[in-house]
Amino acid sequence: MIPRGNTHALLIARSFHSYKPCFRVTIRGKRQRSKTKQQGKAQEDYTQLLDNGKVSEVTVNSSIKSAKDIESINKDFLHRTKGLEPNIELKQLSQIKEEFQQRYRDRYIKPSETWYTNSWRSLAKPKISSHNLINSNIQLDAQLKFSNPLEFQPVQLMERPLNVGDLVLLRVRPNELAMCVSLPSSTMDPRYTFVAIDGSMCFATKNRILLRIPHRLPVGVNSLIQPEERYGHLPIGTIKNFSNQTNILPIAARQIITSRYPAQISKLAWRDLPFTTKKLQLLHRSLQDYRGPWQIPFFTLVGLVQRLDLNEALDDKYGATYLANLLGTHQTADNVPISSATFVSTYWAIMQQQESNFWGEIHLNTALLSPISVTVIPLKSRHLYYEQVVGKLEADDYNEINRFVKLVNERKYRDISTLYPSVIQMLKDFAAGNFHNNGIIVTLVSKIFRKIERYKDCDITRDICQDLINEILPNSMSNPLLLNMDLALPASSKLVRSQQKLYDLTNIEDLQRKNSDNSSERYDFGDLKVFCIDSETAHEIDDGVSIENHGTDGLYTLHIHIADPTSMFPESTNYDSEGIITDILNVALERSFTTYLPDVVVPMLPKSICNLSDLGKQGQKTKTISFSVDVKVMSKGDGESLEIMFDSFKIRKGIVSNFPKVTYDDVDRILNTPNDEASPVKKDLESLSMVSNLLRDRRIKNNNAVIFGEGFNKGLVTLNANEEGELTEISFSDQVETLSTVLVSEMMILANTLTGKYFADNKICGVFRCYKQLPLDIIAQEQYDSMITSTKKGLFPQLKDIVKLSSLLNSSFYTGRPFRHEMIGAKQYLTVTSPLRRFPDLINHLQIHRHLQKKPLCFSQVQIDRLIWPIQSRADILKRAGRNSSTYWTLNYLKKLKKLDPEKTYDVMITAVPQNGFVSCVFPDLSFARGTLKLHPSAKHYPMIGDIVKNCKILRIDCLEGMLELETL
């Protein structure tokens, strides 16, 4: 009904969320829908008149003469319709307006006022009245000490782990930046809270982050998200954990803080995207190597994009020269401050160009939560090659695909091998995971399998792709992941094959002759027993330990002897040179680490150098870098403690020759066998074991080191040869901590910790290893501290505890700065104990050689910082490759079990928060069997992290993709 004079007729309305006043009739059923159509125009006209405020009096019925008549009609109407529509309430227009304004105040004004007053405590914050908070467009003062995220230095990602205020791209929203606004609340819910530009909230763990820009909030802002107050209205906030508790981001907080920079950077990135795309096309032509893929540090590439001038690069006369000069200085590009907009637009442009096979995978670091490198794909053998393949397969309405499929259906595999090598290569690359964001290739592969009779009803997976390859080529590689181009094994790269030839032709005698140092400068340890404790199958033996018992006051001297391959290279003795000048070391840098996979081992250095440098050859004088320190064992009322005499620490070039042959099993047997008349070997091993246990206790109690207990790393994959000699027989073993493993690990940790301190104290540039604990919310931090307290009491976290805590733990990373390693409990940690298999250790050895000779260092700080990115990139690639290969073989094992018994069930442990009826899980006895569990729809309670769910049946397995799906029975 309509207003007449000062009297208001009644309007039908419901509670609603919109902050704009409007009138709405809820439509139910066909009868009401038809009524609405008939009355739509009249209602529209009335609403328009009311909104314009132009109606003062409208005559509805000429027979109604007074307000008394209208009131009588209203009462009669209410009486007749009472109970017919129980969810509809009839209200006066004034009441509707008043309630709307109250809702607006409760939902938007009050939360903004509360946040501005109570959650932003700073005298420097802008002075603004509460009624002007929303849409205020205020400017932040420099006194608030907030960081400007429009530009940042890459080292900031190392200095500060993920925290509130950081800007991120998420997997669920890869096309716009969001801000982290809340930390994980507990081990039961390790998710962060992120807010998009429009204020919408989402929850995700840190592994869902694709890119991070460091940013600090203005000083005094201690929270952004608030629990929504209940004023009797329907809630508008977002539910996280409990259905009766919603959370909101006040509008003022969104406008002033959370949306300002994400919106600005995203807008600039989208504006720059066409130019960035063109720049990357030009850069790719010059960066690509026809011999094979390689990784360029991501920040180096972003620096090149920033510096490249399109006008000069596209100049017909001087463009090529300009590009060559630019790339000649690309090694220094990573020192330039990074534009956040260019950083984001480069990421987006690469994602787009992956479909054209210009770029391979973008490699993310799990500690920095940022891209650190991207694979540069050869132009001719990838981009142009697949451009031709795709064109040929799509021609004539996919005629070539039809012919290929016809031969497959007829099982004419010899003809296929002869006629369609390009299709076979495409299938191999697809199975190996060499295509990224490539919808064109996915479409072609799908078309092929949909036309093959025995595969047409199957899901298109990398596994069935490999099954088809095995049919066509029965002698194919048993693990297709070894053909992944990022792994860079000789089988997949001409570049790596040429590098391997260089290694094979290494003249070890020539290296020794040219670079032999003066043996008189080395300390000869004589007959001192050096225990090189390793497994029977060790590929490189690069460390040994010794102990001297001085027999008085519990004083011992510990020696950690490390192989010295760097003495063979001119970089250790040519004091006029700087950086790497030897081809072999340049190849070693590209490998960065020895590759350890279940089915292949690729050494970082040539085998000839490893064999010559190895320790453990009894009676053979072997060069070492030796680290020595005195320790004192002191008796206390409740046991013994250890004091490290830091001033006694020495680094020397050494020579050792007495190597009692021992393995881990030998040492455990000797230490666990009681013997009244202990041999000198047994006495030394007992002393070493006693000291190593005291070193561990010291790290735990004094430095809050974290030690994992039983259940960690179960089901490690070992491959054994079958009858044909192929490594395809799978067996599993658990990582078990014994007296011998503790002995070796604690001695190596001691050497790395003391050398880190030595480098920091003497201002020597080096490659440090760092671990920074993630900032956590109050309850989550208390739970983490509780684990530390339990560890100090000797109660190490078990599998269930590790699963709960895993999402709250960070990852370690390499850095050129002496940051803390909080997991190990070291103020500085610099690795020097494995120079035969880790390039960072080799760099640090070269620095030690120069330092001991009091000569200029081999690497400056700038050079170290530059080397960090390729080293970390390779570490991440190999870590991921190792995990993928172990997962592949583990799922192959489960696939065979499923084939033998399709109804077999398993028990799994929950590892994440359930979402949409699914939850992540792991097989407790097989660390690499991780999958997704489909929960039963009728379940009243969802399991929590750490719970065991019994009787789960495997639904699907894709070994190459690492996909495992189960359901509860």
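Values in this text are rule-based calculations from the coordinates and carry no lab data. This one's a predicted model, so the numbers in the text were calculated from it and none came from an experiment. FYI the Cβ positions are ideal-geometry reconstructions off the backbone, even for glycines, and counts take in every protein chain you see.
Tabulated values for the structure
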item	result
Inter-site label distance for S66 and K621 at 7 Å from Cα along Cβ, in nm	12.8
Label-zone membership for the stretch 595-629, site K650, 7 angstrom Cα→C-beta point, backbone N under 13 Å	626-629
Cβ-based exposure ranking for S185, S613, in which fewest neighbours within 10 Å come first	S185, S613
Links that overshoot a 30 Å alpha carbon limit, given the list K623/K763; K494/K855; K757/K854; K714/K950; K494/K621; K494/K623	K494/K855; K494/K621; K494/K623
The stretch 380-480 - percent relative contact order, Cα under 8 Å, separation 6 or more	30
Cα-based helix-to-principal-axis angle, 439-451 vs the chain, degrees rounded to 10	90
Segment K701-K127, extension gain: residue separation times 0.36 nm, minus the distance between their alpha carbons	201.8 nm
Under 13 Å, Cβ to Cβ, from E410 - net charge with Lys/Arg +1 and Asp/Glu -1	+4
Kirkwood Rh and Cα Rg combined as Rg over Rh, evaluated for the stretch 274-377	0.94
Segment L384-E967, extension gain: residue separation times 0.36 nm, minus the distance between their alpha carbons	205.5 nm
Karplus-derived 3J(HN,Hα), 6.51/-1.76/1.60, for each residue of the stretch 801-816, Hz, glycine and proline x	5, 5, 4, 5, 8, 4, 6, 9, 9, 8, 10, 7, 8, 8, 8, x
Karplus-derived HN-Hα couplings along the stretch 901-916 (A = 6.51, B = -1.76, C = 1.60, θ = phi - 60°), whole Hz, x at Gly and Pro	9, x, 9, 4, 10, 9, 9, 10, 10, 6, 10, 8, 7, x, 9, 6
15 Å Cα cut-off, lysine pairs counted over the stretch 380-480 (separation 8 or more, or different chains)	5
Label-point separation, D761 to S498 (7 Å along Cα→Cβ), nm	4.7
Charge sum, other residues only, whose C-beta stays under 11 Å from D272's C-beta, Lys/Arg counted +1 and Asp/Glu -1	+4
Value of relative contact order over the chain, rounded to a whole percent, pairs C-alpha under 8 Å and six or more apart	10
Using alpha-carbon coordinates, inclination of helix 319-328 to the longest axis of the chain, degrees	60
Partners for K317 among lysines (Cα-Cα distance below 22 Å; same-chain residues under 8 apart left out)	K278, K279
Acute angle (nearest 10 degrees) that the helix 421-432 long axis makes with the longest principal axis of the chain, alpha-carbon atoms	80
Model label zone, K456; criterion: amide N under 20 Å from point 7 Å along Cα-to-beta-carbon; scope the stretch 391-408	397-408
Residues of the stretch 496-513 with amide N under 19 Å of the 7 Å Cα→Cβ point at N611	500-513
Net charge contributed by nearby residues that have their C-beta within less than 14 Å of V767 (K/R +1, D/E -1)	+3
Considering only the chain, percent of DSSP beta bridges that pair antiparallel, nearest 5	95
Sites T728 and W270 - FRET efficiency at Förster radius 56 Å, r taken between beta-carbons, to 0.05	0.65
Full-stretch length increase - I440, K953 - with 0.36 nm per residue and alpha-carbon distance subtracted	181.2 nm
Spin-label model distance (nm) - N518 vs K682, 7 Å beyond Cα toward Cβ	4.6
Residue-by-residue Karplus 3J(HN,Hα) for the stretch 164-177, coefficients 6.51, -1.76, 1.60, Hz, glycine and proline x	4, x, 5, 9, 9, 9, 10, 4, 6, 9, x, 9, 8, 6
For the chain, diffusion coefficient by Stokes-Einstein and Kirkwood Rh (Cα), 20 °C, 1.002 mPa s, µm²/s	65
Other-chain or far-sequence residues with amide H under 5 Å of S182's (modelled H)	T193
